[in-house]
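Colleague: My questions will all concern the structure given below.
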Amino acid sequence: MKDGLIIRKKKMYEEVVERITRLIKSGEYKVGDRLPPVQELSEMFGVGTPTLREGLSVLASSGILEIRHGNGIYVKRFPLEPEDLMAKLNEVEYQQLLSWVEFRRALEAEAAALAAERSDEADLEAMEAAEIRLEEEITRGEITIEPDYQFHNSIALATKNPIFIQTSTTIEHIIRQYFHLSLRYGRTLPWHRELVVTEHRKILENIRKRRPREARNAMLEHLDNVSGRVKLLESLAGGKQIDDR
């Protein structure tokens, strides 16, 4: 340890993220350009296909790349510079966020499926109201956790399952802490809230159309993207973690 910093060993997928962002920043690939095929990128970077796909997934979940299945991988946005990022969270907070995303995947994916089967008009109105409030906040340039929390909580209530509802109520204060922590990371990506809106709308559409499997998958996609955005910020920040001891 030196000067209060702990150097975290870089993960394999982070090397992929770093090298692709470097290619974009250098101008070799511009917004709208198509990247080489997966196999070619794998050979270019000297990594296995699973590692490459994880790196691509992180960049896609963060809105920098767009993966068009059957049509290739395209540059969608110019990556942020590390100095553009806010103060990083420490390693404990980073791991805490990822642990909570894992928990939410287990709970909320099934909640979305049940909501697609059991929600009534009042439930759908509550989800829609939360989503409209989120979009209004974006328009006004405000950032709070409330509409995001209410959107997910209304899905839990729509399951009509007393255990889901009780669990959601019991851990409300912890979940709110998670949303506050997540918001700190989210503020570092200017387009983060727009991505969340798109993902929420996909979840809501499938719940409204009574499609449980699609609602479950949309929720899983949303939470995987949340995880990917957190991982991207860790990758771009270079792996240094502040030691608070």
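Colleague: Residue check, K231 against (1) at pLDDT 95 or above; (2) under 19 Å from L65 (Cα atoms), all met but one. Which one?
Modeller: It is condition (1) that K231 fails.
Colleague: I've got another one for you. Are any residues in segment 20-50 of a type in the set (S, T, Y), touching a residue at least 24 places away in the same chain (Cβ under 8 Å) and open to solvent by less than 30 Å² (accessible area, probe 1.4 Å), and if so, which ones?
Modeller: Within segment 20-50, just T21 meets the criteria.
Colleague: Would you confirm, using the coordinates I've provided, whether E15 is without any contact (Cβ under 8 Å) to a residue 24 or more places away in the chain, surrounded by 12 or more Cβ atoms within 10 Å (Cβ to Cβ) and either among the charged types (D, E, K, R) or closer than 24 Å to H222 by Cα (or both)?
Modeller: For E15, the condition - without any contact (Cβ under 8 Å) to a residue 24 or more places away in the chain, surrounded by 12 or more Cβ atoms within 10 Å (Cβ to Cβ) and either among the charged types (D, E, K, R) or closer than 24 Å to H222 by Cα (or both) - is not met.
Colleague: Of everything in segment 17-38 that's of a type in the set (A, V, I, L, M) and modelled with pLDDT of 90 or more, which residue is farthest from R53 (Cα to Cα)?
Modeller: The residue in question is V31.
Colleague: Same structure, new question: Looking only at residues in segment 1-12 that are under 17 Å from S235 (Cβ atoms) and either open to solvent by less than 50 Å² (accessible area, probe 1.4 Å) or in a helix (DSSP H, G or I) (or both), which one is modelled with the lowest pLDDT?
Modeller: Once the filter is applied, the top-ranked residue is R8.
Colleague: Hey, I138 hits all of (1) closer than 21 Å to R216 by Cα; (2) of a type in the set (V, I, T); (3) touching a residue at least 24 places away in the same chain (Cβ under 8 Å) but one; which does it fall short on?
Modeller: Looking at each condition in turn, I138 falls short on (1).
Colleague: Which one is modelled with the lowest pLDDT, of the residues in segment 58-85 that are open to solvent by 20 Å² or more (accessible area, probe 1.4 Å) and touching a helix residue (DSSP H, G or I) at 6+ places or on another chain (Cβ under 7 Å)?
Modeller: So, considering only residues that are open to solvent by 20 Å² or more (accessible area, probe 1.4 Å) and touching a helix residue (DSSP H, G or I) at 6+ places or on another chain (Cβ under 7 Å), the one modelled with the lowest pLDDT is L85.
Colleague: Moving to a separate point now. For segment 146-197, name all the residues that are under 21 Å from E234 (Cβ atoms) and aliphatic (A, V, I, L, M).
Modeller: L181, L183, L189, L195, V196 - these are the residues of segment 146-197 that are under 21 Å from E234 (Cβ atoms) and aliphatic (A, V, I, L, M).
Colleague: Test of understanding: among I143, I155, I163, which residue is over 19 Å from G228 (Cβ atoms), touching a helix residue (DSSP H, G or I) at 6+ places or on another chain (Cβ under 9 Å) and surrounded by fewer than 19 Cβ atoms within 10 Å (Cβ to Cβ)?
Modeller: None of the other options fit; the residue is I143.
Colleague: Ok, one more. Just checking, which of E128, E108, E117, E172 is at pLDDT below 95 and open to solvent by 20 Å² or more (accessible area, probe 1.4 Å)?
Modeller: E172
Colleague: Checking D148 against (1) open to solvent by 70 Å² or more (accessible area, probe 1.4 Å); (2) modelled with pLDDT of 90 or more, which test does it fail?
Modeller: So the condition that D148 fails would be (1).
The values are calculated or read from the model by the stated rules, or taken from the named source; none is laboratory data. Keep in mind it's a predicted model, so treat the numbers as computed, not measured. Glycine also receives a Cβ, built like all others from the backbone with ideal geometry; neighbour counts cover every protein chain displayed. Side chains included, ligands, DNA and RNA excluded: accessible areas come from the protein's heavy atoms. Shrake-Rupley method; radii C 1.70, N 1.55, O 1.52, S 1.80 Å.
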